[in-house]
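To start, the structure itself, in structure tokens.
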Amino acid sequence: MPCEKKPMRYGHSEGHTEVCFDETGKFIVTCGNDGDVRIWEGLDDDDPRFITVGEKAYSLSLRNGRLVTASSNNTVQLHTFPEGEPDGILTRFTTNATHVTFNSNGTRVAAGSSDFLVKVVQVGDSSDQRTFRGHEAPVLSVTFDPRDQLLASSSCDGSVVVWNIEEQNQVTRWNLLQKTNDVSNAKSLCRLAFQPHSGKLLAVPVEDKVHLYERDTWSHVTTLSDNLITQPVNVVSWSPCGKRLAAASVGGVIVIWDVSSKMCLERQKHEKGFTVCSVAWSPSGAELVYTDTEGCVGLLEGVCAGAEGHNKPSTVARDFDDLFDGDEDGQMDEGESPRRPQDDDDIITSTGRIKNRAAFLEDDNSLDTGSLKLGGEKFRDDDDDDGGSSIAPPPGPPVPLRPVYEGPMPTPPQRAFQPGSTPAHLTHRFMMWNSVGIVRGYNDEPENAIDVEFHDSAVHHGMHLSNALGHKMADISQEAVLLACPSTDELCSKLVCVHFSSWDTHKEWVVDLPRGEDARALCLGRSFVAVATSALLLRLFTIGGLQREVFSLSGNVVCVSAHGEQLCVVYHRGTGFDGDQALGVQLLSLSQKRRLILDQPLPLSPQSTLSWIGFTAEGTPCSVDSEGVVRMLNRSLGNTWSPVCNTRDTCKSKSDHYWVIGVHENPQQIRCIPCKGSRFPPTLPRPAVAVLPFKMPLCQTSTEKGQMEEQFWRSVLLHNHFGFLSSNGYEIDEEAQSQSLKEQQELLMKMFALSCKLDREFRCVELAQMMTQNVVTLAIKYASRSGKMGLAQRLSEIALEKAQEEHQEEEEETTGFSRSEMSRYNSRQTEEVEEEDEEENEDREEETQPKKRMNPFAKDTAPSPEKAVLKPVAVSKVARSNPFKVSSGGASPAQPRVTNILDNIPNRKSAPLTSSSIKTKKSPVLKPLAPKPKSKTQSTLLQMSSKTNTKRQESEERPEEPRTKEPNPNPAPPSPESTENRRPQTGFQLWLENHRKNILAESPNLDETDLIKDAMGRFRSLSAEERLSWTERAKGQSGDDPKKRKRPEEVEDKEGSKETNEETSAKKAKTVGVAEKLSAFAFN
């Protein structure tokens, strides 16, 4: 039954045109010399959609909703189908790509070009490419083996080559075609094709015939020809079932064969005799579409029906044929008479079975005939269905199935790469682009060279280096340029360093890696070189070429990066599943104190790969994955990785990407190159650098609250580097640090005000916990003016806690001891006292009662030698204070512990007054030692106090001057031996002297040792501020510090006057109510 030929219609401008069906058979897709891809909903579609892919489109292929095209701009592009949105550039060639095709499952694309190369590219990861070299002329066509193991290509050099994809070598090669120098001059396009499903046969158009070659043996099985074909066959195409083969010639003839019987099923002639340059079967096999060199499209319908009429027997005949399978008559074959077994061409019946199989199998001579091979074995697919017969054999008994694994599938590991480089298969590529400069590689036929360009010409002038060794990796720093090449059969892998900053005459050194060990990744740091190799080793060198440490990696390396003395190594820590990569990261410090900072998994987005890793300009590790998520190491949160930006949010199309080249924390910038329709930029023209802002993925960033929260935490994260740099001895920009702190506190105050308006008082307290003491005072004032007195009271407690923390930090800085160290030292002193008390217990029991109650710190009593240990000299060592430290003016001994900061405002007012008076008496040499930050901290709350409190304090200070000048009524010249005991030397001694009566009144039965123990416990229970005030007062009364007094003889009078004034001041402060203070504080 002949097929129906529909009239041809115009599709594209004159020139080469290609066509294919989509997987559903609904659309016909064509491309042509006008650079458009047209999508037809049937041949009668008068308004097809189109996609412009370039000036000219040479080839196309469609699979799994993706359309791949080869255009005149030397690229192979992807588009979504049927939307037609650009989905990236798979690969580039130096000249036009001539043919592209998908593999059977749509995961790979093969492309041939006029630069003699064939490439196989992974669709999901365009960096995974394999290049096949061996043709000596432009490539005509490429085709995949259905098993995805082999690849066949034809070329203008007259050869047809079968390649092994994984090993990238030639399996076989035939010289079958006429040689020519260009695709446009070739007599035939030689579009070859593998048989679907089994891939047992390879069809190759040779002159006016089609040769079939057997898989594995690659022997010539048979030849298909027809008398109507008088000119070279241009293209061949298998039907979806693999039983029929269509061929189109330069003369416009289309022929369809049944491969098993070699019978011609259909012959059609182009209505105008133009060259047919492309044919494609519909998924059902019922239609065949074709195009010519004039840009027209034609269609043949009913192709499958005609074929079934030739070969499909009736049901009755098939049943009888099964019953009499061994009969030589063959009378049950429909419409066929008995054949002579001597005719080789007639051995196979129309049913596809060999008559009298036993006779043939016993005849060794018959087994050698090509026709027997063709009919008996070569066209039968043992794995699937009968690939060479039009009638499938009857199903056999069911075979037990093997257990099938249905769990997660392992992910192929990501290959090693250099951050800041484009794929190595490109002829012109960026070998490195970082903050120092650019390294470009050129791999042209006339020249193989490397160009080095510096962003700052003051570092070094540009360099042009020969690349005779074939370097694939590079890095550049302020000191050197580092290159590495892979090993070959003759040469081992080499490491070349151009040390241009060296002051001697030798600017270059070369190191050969051991045989069988290749460099996989490299980087340059400050005065060191790091190279990760295929032997799972990381080798360190000095910048001058001296070998340093070598250590093993936990897995195959992915990439390395360095900044200053930090080294970051990313490696495979295991096998990922379901598209996820299992990567680990190590961060090492290679300074004098070499240490491993972290070793942990590297977080990535789901089903993504690592695209870039490096350091910010300030030295913080940073990573970017293939989904565009930028992450930064958060040192203040246990070395976790925080996302700071998603570059995909600013892309206009799905196929657009940003190629990151650098990250800065101050200013907050991500420097990258926009790539339209690709993941990486071309070398020419020079790409422009764009700047993206940081934006953390917090919730509800469209609201005012969410925006301020994002700004605050972004500021906190991006200014962690100040602490890291200062802890490592680097200079920091103090102005920028203070500005960032000011910005954070302003944001906290804005959020506090917003929460107050919303009556979120608990949230206000949470915000106050993150504020500094100065900002908390402003928050107290704001809450008071807003009428939230309960909130103001809670904030005042927070302010007091923060003030105490600041004083404690200053005390630790001054004394050199932390609070825990002081407590441990005091407990050790207490244990020593207890041990000595046990030894002297019997002696003390014999002493009289007045002697037992004797004060060892009294001025007129000489201490016993046994009590010398009880001198609080050790306490003075622990609570050692700066003698020039500003006095805090703590509360009086009888005053209870203060819990409200408003109660402390009048008493702390004296601190700056005393401080100013002391500063005037200091010598110029000691003046810089005065701790200025403390005076600022203490004066913060004092600025808010009422004027009445200020006047009261001044009136209390004035009477001190005449009192200190009064003569001592009972002067007693102290002896040198007892001076230390007669005058209190520490805060504890002074406190014990003032509180001895109170303690004895509560516990009159205490002996001297128990009294001191009880006093020490009470003194330690005081706040740090109160203990510090007692220490300062003791220092002021000590005779060892001449800076604290005018004359030695006035010391004791000053002691009495100070104690009296402080007790009076404390009593006056108690008379003022809390409500009065709060209102005066808030509305001052």
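The values are calculated or read from the model by the stated rules, or taken from the named source; none is laboratory data. Bear in mind the structure is a predicted one, so any value in this text is a computation, not a measurement. With ideal geometry, Cβ positions are generated from the backbone for all residues, glycine too; neighbour counts draw on all protein chains shown. Note: accessible area is taken over every heavy atom of the protein model, side chains too, but ligands, DNA and RNA are not part of it. Shrake-Rupley method; radii C 1.70, N 1.55, O 1.52, S 1.80 Å.
Is it the case that PRO621 is in contact (Cβ under 8 Å) with a residue 24 or more places away in the chain and open to solvent by 50 Å² or more (accessible area, probe 1.4 Å)? In short, no. Within the stretch 744-771, restricting attention to residues that are not basic (Lys, Arg) and not in a helix (DSSP H, G or I), the residue that is farthest from GLU801 (Cα to Cα) is LEU758.
The set of residues in the stretch 682-700 being at pLDDT below 90 and either surrounded by 16 or more Cβ atoms within 10 Å (Cβ to Cβ) or part of a helix (DSSP H, G or I) (or both) consists of PRO682, THR683. Of everything in the stretch 1011-1024, what is open to solvent by less than 20 Å² (accessible area, probe 1.4 Å) and either farther than 16 Å from THR986 by Cβ or among the β-branched types (Val, Ile, Thr) (or both)? Give them in sequence order. Hits for the stretch 1011-1024 are LEU1011, ILE1012, SER1023.
Yes/no per residue for (1) touching a helix residue (DSSP H, G or I) at 6+ places or on another chain (Cβ under 6 Å); (2) assigned to a loop (DSSP other than H, G, I, E, B); (3) open to solvent by 10 Å² or more (accessible area, probe 1.4 Å); (4) not small (Gly, Ala, Ser):
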| position | (1), (2), (3), (4) |
| --- | --- |
| PHE500 | no, yes, yes, yes |
| VAL511 | no, no, yes, yes |
| ALA530 | no, no, no, no |
| LEU540 | no, no, no, yes |
| VAL550 | no, no, yes, yes |
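What single numbered condition from (1) more than 50 Å from the chain's Cα centre (by Cα); (2) outside any strand (DSSP E or B); (3) at pLDDT 90 or above fails to hold for LEU212? Tallying (1) more than 50 Å from the chain's Cα centre (by Cα); (2) outside any strand (DSSP E or B); (3) at pLDDT 90 or above, LEU212 fails exactly one: (2).
Just to be sure, is PRO667 assigned to a loop (DSSP other than H, G, I, E, B), of a type outside the set (Phe, Trp, Tyr) and over 29 Å from ASN774 (Cα atoms)?
On the way: assigned to a loop (DSSP other than H, G, I, E, B): yes; of a type outside the set (Phe, Trp, Tyr): yes; over 29 Å from ASN774 (Cα atoms): no.
No; evaluated as a whole, the condition is false for this residue.
How many residues are part of a loop (DSSP other than H, G, I, E, B) and charged (D, E, K, R) if we restrict to the stretch 169-199?
Just the residues of the stretch 169-199 that are part of a loop (DSSP other than H, G, I, E, B), to begin with: 176-182, 186-190, 192, 195-199.
Going one step further and asking which of them are charged (D, E, K, R), we end up with 179, 182, 187.
The number of residues fulfilling the criteria is 3.
Of the residues GLY706, GLY729, GLY677, which is farther than 27 Å from SER591 by Cβ and either in a loop (DSSP other than H, G, I, E, B) or in contact with a Pro (Cβ under 9 Å, 6 or more places away or on another chain) (or both)? Of GLY706, GLY729, GLY677, the one residue that is farther than 27 Å from SER591 by Cβ and either in a loop (DSSP other than H, G, I, E, B) or in contact with a Pro (Cβ under 9 Å, 6 or more places away or on another chain) (or both) is GLY677.
Using the structure shown, decide if PHE528 is in contact (Cβ under 8 Å) with a residue 60 or more places away in the chain and either over 30 Å from SER502 (Cβ atoms) or of a type in the set (Asp, Glu) (or both). So PHE528 does not fit the description; no. Among what's in the stretch 669-681 and is under 18 Å from the mean Cα position of the chain (by Cα) and open to solvent by less than 50 Å² (accessible area, probe 1.4 Å), pick the residue that is nearest to LEU741 (Cα to Cα). Only one residue tops the list, namely ILE670. For the stretch 431-458: of the residues being within 19 Å of THR95 (Cβ to Cβ) and either in contact with a His (Cβ under 7 Å, 6 or more places away or on another chain) or polar (S, T, N, Q) (or both), which is most open to solvent (accessible area, probe 1.4 Å)? Taking the candidates together, the pick is ASN443. Just to be sure, is ASP759 modelled with pLDDT of 90 or more and surrounded by fewer than 20 Cβ atoms within 10 Å (Cβ to Cβ)? Here the answer is yes, as ASP759 does meet what is asked.
The single condition among (1) part of a loop (DSSP other than H, G, I, E, B); (2) closer than 21 Å to THR101 by Cβ that LEU202 does not satisfy is (1).
Residue under question is HIS428, and the condition is that it be over 23 Å from ALA617 (Cβ atoms), open to solvent by less than 50 Å² (accessible area, probe 1.4 Å) and touching a residue at least 40 places away in the same chain (Cβ under 8 Å); does it hold? I'd like the intermediate steps shown before the answer.
Working: over 23 Å from ALA617 (Cβ atoms): yes; open to solvent by less than 50 Å² (accessible area, probe 1.4 Å): no; touching a residue at least 40 places away in the same chain (Cβ under 8 Å): yes.
So HIS428 does not fit the description; no.
Only one residue in ASN181, ASN175, ASN169, ASN185 is among the polar types (S, T, N, Q) and either within 24 Å of ARG63 (Cβ to Cβ) or within 44 Å of the chain's Cα centre (by Cα) (or both). Which one?
The conditions single out ASN169.
For first residues located in the stretch 30-46 and within 13 Å of THR17 (Cβ to Cβ), partners that are acidic (Asp, Glu) and not in a loop (DSSP other than H, G, I, E, B) and lie 6+ apart or on another chain with Cβ distances below 7 Å form the pairs THR30/GLU18; CYS31/GLU18. Restricting to the stretch 569-595, what's the tally of residues that are under 12 Å from the mean Cα position of the chain (by Cα), closer than 11 Å to ILE613 by Cβ and free of Cβ contacts under 8 Å to residues at least 60 places away in the same chain? Qualifying residue count, the stretch 569-595: 2.
Condition check ((1) of a type outside the set (Gly, Ala, Ser); (2) modelled with pLDDT of 90 or more; (3) within 18 Å of ILE450 (Cβ to Cβ)) across all residues:
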site	(1), (2), (3)
LEU483	yes, yes, yes
PRO486	yes, yes, yes
VAL496	yes, yes, yes
PHE500	yes, yes, yes
HIS506	yes, no, no
TRP509	yes, yes, yes
ASP512	yes, yes, no
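Would you confirm whether any residue within the stretch 214-221 is of a type in the set (Gly, Ala, Ser) and either closer than 20 Å to THR275 by Cα or surrounded by 16 or more Cβ atoms within 10 Å (Cβ to Cβ) (or both)? Talk me through it step by step, then tell me what you get.
Step one: filter the stretch 214-221 for residues of a type in the set (Gly, Ala, Ser), giving 219.
Remaining after also requiring either closer than 20 Å to THR275 by Cα or surrounded by 16 or more Cβ atoms within 10 Å (Cβ to Cβ) (or both): none.
Checking the stretch 214-221: not a single residue is of a type in the set (Gly, Ala, Ser) and either closer than 20 Å to THR275 by Cα or surrounded by 16 or more Cβ atoms within 10 Å (Cβ to Cβ) (or both).
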